[in-house]
Amino acid sequence: MSFPDRKETEVRRMLEGPHPALPPDLAGRAAERGHRILLRHRALRTIGWLLLLAAVVAFGVWAAIVEPWTAPPPTDTAPPLEGW
């Protein structure tokens, strides 16, 4: 025979008891808060995409100016031989 779990018994007792009264405007406040959160997420997502676009454009401009795909000019590693 197993004894009932103390936590389970306590939770069952709490669920069977009287439920607290909810404020009448709770649903409206929750909907308004959810709307604000959605607007904030949408704004952050838009800002993130704009920053990514700006970084891509900046990289493109830098690459067009610097041309990193071309070979660097040759440098002389020894002095010219004169007077032989």
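Quick notes on this structure:
- Residues (open to solvent by 80 Å² or more (accessible area, probe 1.4 Å) and of a type outside the set (Phe, Trp, Tyr)) located in the range 40-52: Arg40, His41, Arg42, Leu44, Arg45, Ile47, Leu50, Leu51, Leu52
- Condition met for Ala55 (out of contact with any Ser or Thr (no Cβ under 8 Å at 6 or more places or on another chain) and surrounded by 10 or more Cβ atoms within 10 Å (Cβ to Cβ)): yes
The values are calculated or read from the model by the stated rules, or taken from the named source; none is laboratory data. In this text, all values refer to a predicted model and were calculated from it rather than measured experimentally. No Cβ is skipped: glycine too gets one built from the backbone with ideal geometry, and neighbour counts run over all protein chains shown. These accessible areas exclude ligands, DNA and RNA; they are computed on the full protein's heavy atoms, side chains included. Shrake-Rupley method; radii C 1.70, N 1.55, O 1.52, S 1.80 Å.
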